[in-house]
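Here the structure is laid out as structure tokens; the discussion comes afterwards.
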Amino acid sequence: MKPATHSLILISLLLQANFLAADILGRQDGNGQTRSADKPPASASLIQAFVPTSRHKYDVAKVYDGDTITLKNGERVRLLGINTPEIESRFRQAEAGGQRAKKWLQEKLSSGEVYLEFDTQQRDKYKRLLAHLFLENGEHLNKEIVKAGLATLCIIPPNLSYVKELKKAEYHAQQQGLGIWSMAAYRPLSVNHLPKKVSGWQRFLATPKELTSTRKYVRFILNKHVDVRIAKEHLALFPDLKMYLGKRLEIRGWTTKNKDHYSILVRHPSAIILL
């Protein structure tokens, strides 16, 4: 081979190496979509180039409930992006639809095999693995159980993969009145006419009139007894919160109570629906 040819090949390889090693700047929006650019915006963070999706095959030992399974290696796995009603245990009472969701997942995993796909955060505070579950044929179980109306969205940053698909699945189930969307236990409640006992996952109807701010949270004041908390660390995922003021909203999430005051913690804009 001639020296000139050697030089051309060497230059080509160096150019490819520089291209592959280059950093890509980007950010994720509230739908889990990555935006990239050659110049970094203020909210940009460094992401790796050409990272392929990776799914790992595991053997399933047990389906605990509709959103939690145990693998044969002893690891417990919590399905990302969703929540299903509770089943009865020594710690809590059964919720409407809980057994149905568990049975659905048991049937889907009857082969005893599952593929896990992880997101940004691989474990929660309980040391459970956090994953999207897939069958060998590519069926996305997190999405399909939501589409069947047996689970609701539970998007918790920084895990934002498949948000768009999950939102579409939930919209489909609600429009069709499937599963929990036709159950009396999950009907939306007006914050001005709450029953004496309110607990667990709820759908509150309200028109916020005021925003307040503390060191950690921005709060929608729904009335003197109810507010919605949004952690400031998550504000970048939301539109301008002032756009919600004076609008009829449905707010979804878990309620906490302190004396006669209720609060819902919202981590992602998918939990606030404009009516």
Hits in segment 153-169 (condition: surrounded by 14 or more Cβ atoms within 10 Å (Cβ to Cβ) and either of a type in the set (A, V, I, L, M) or assigned to a loop (DSSP other than H, G, I, E, B) (or both)):
L153, I155, I156, P157, N159, L160, S161, Y162, V163, L166, A169
Count of residues meeting criterion [in contact with a Leu (Cβ under 8 Å, 6 or more places away or on another chain) and either in a loop (DSSP other than H, G, I, E, B) or within 22 Å of Y186 (Cβ to Cβ) (or both)] in segment 236-250:
5
If G179 meets every condition in (1) free of Cβ contacts under 8 Å to residues at least 60 places away in the same chain; (2) on the phi > 0 side of the Ramachandran plot apart from one, which number is that one?
(1)
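Among the listed residues S199, S213, identify the single one that is farther than 26 Å from Q93 by Cα, out of contact with any Leu (no Cβ under 7 Å at 6 or more places or on another chain) and surrounded by fewer than 17 Cβ atoms within 10 Å (Cβ to Cβ). Please lay out each step first, then the result.
On the way: S199 fails: farther than 26 Å from Q93 by Cα.
It is S213.
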Give me the residue from segment 226-254 that is closer than 25 Å to S199 by Cα and either aromatic (F, W, Y) or modelled with pLDDT under 95 (or both) and, out of that set, surrounded by the fewest Cβ atoms within 10 Å (Cβ to Cβ).
W254
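Is it the case that segment 207-218 has a residue that's at pLDDT 95 or above, charged (D, E, K, R), farther than 30 Å from A96 by Cα and in a strand (DSSP E or B)?
Here is the first cut: in segment 207-218, the residues at pLDDT 95 or above are 207-208, 210-218.
Still in the list and also charged (D, E, K, R): 210, 215-216.
Filter once more, so that each one left must be farther than 30 Å from A96 by Cα: 210, 215-216.
Then keep just the ones that are in a strand (DSSP E or B); that gives 210.
Yes, segment 207-218 contains at least one residue that is at pLDDT 95 or above, charged (D, E, K, R), farther than 30 Å from A96 by Cα and in a strand (DSSP E or B).
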Can you tell me which of (1) out of contact with any helix residue (DSSP H, G or I) (no Cβ under 9 Å at 6 or more places or on another chain); (2) on the phi < 0 side of the Ramachandran plot is the one P208 doesn't meet?
(1)
Test K257 against the stated conditions and say whether it is in a strand (DSSP E or B) and under 27 Å from I87 (Cα atoms).
yes
Listed by first then second residue, the pairs whose first member lies in segment 263-275 and is basic (K, R), whose partner is surrounded by fewer than 20 Cβ atoms within 10 Å (Cβ to Cβ), with beta carbons under 9 Å and at least 6 positions apart or on separate chains, are R267/I156; R267/P157; R267/A231; R267/H234
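May I ask you to list the residues in segment 60-110 that are of a type in the set (S, T, N, Q) and either under 22 Å from E165 (Cα atoms) or in contact (Cβ under 8 Å) with a residue 24 or more places away in the chain (or both)? Walk me through it before giving the result.
So in segment 60-110, the residues of a type in the set (S, T, N, Q) come out as 68, 70, 73, 83-84, 89, 93, 99, 106, 110.
Answer for segment 60-110, where residues must be of a type in the set (S, T, N, Q) and either under 22 Å from E165 (Cα atoms) or in contact (Cβ under 8 Å) with a residue 24 or more places away in the chain (or both): T68, N83, T84, Q106.
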Mind checking which pairs have a first residue in segment 201-227 that is closer than 18 Å to F238 by Cα and a second that is surrounded by fewer than 18 Cβ atoms within 10 Å (Cβ to Cβ) and of a type in the set (D, E), Cβ under 7 Å, 6 or more apart or different chains?
I221/E210
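Would you say G246 is in the same structural domain as E95 (by TED's automatic domain parsing), free of Cβ contacts under 8 Å to residues at least 60 places away in the same chain and on the phi > 0 side of the Ramachandran plot? Give the derivation first.
Working: in the same structural domain as E95 (by TED's automatic domain parsing): no; free of Cβ contacts under 8 Å to residues at least 60 places away in the same chain: yes; on the phi > 0 side of the Ramachandran plot: yes.
For G246, the condition - in the same structural domain as E95 (by TED's automatic domain parsing), free of Cβ contacts under 8 Å to residues at least 60 places away in the same chain and on the phi > 0 side of the Ramachandran plot - is not met.
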Which number in (1) surrounded by fewer than 20 Cβ atoms within 10 Å (Cβ to Cβ); (2) assigned to a loop (DSSP other than H, G, I, E, B) marks the one condition that L150 misses?
(1)
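Just to be sure, is K197 at pLDDT below 95 and not aromatic (F, W, Y)? First the steps, then the outcome.
On the way: at pLDDT below 95: yes; not aromatic (F, W, Y): yes.
Taking the combined requirement at face value, the residue satisfies it.
The values are calculated or read from the model by the stated rules, or taken from the named source; none is laboratory data. These numbers were taken from a predicted model, which means no experiment stands behind them. Ideal geometry is used to build each Cβ from the backbone, glycine not excepted, and the neighbour counts take in all protein chains shown.
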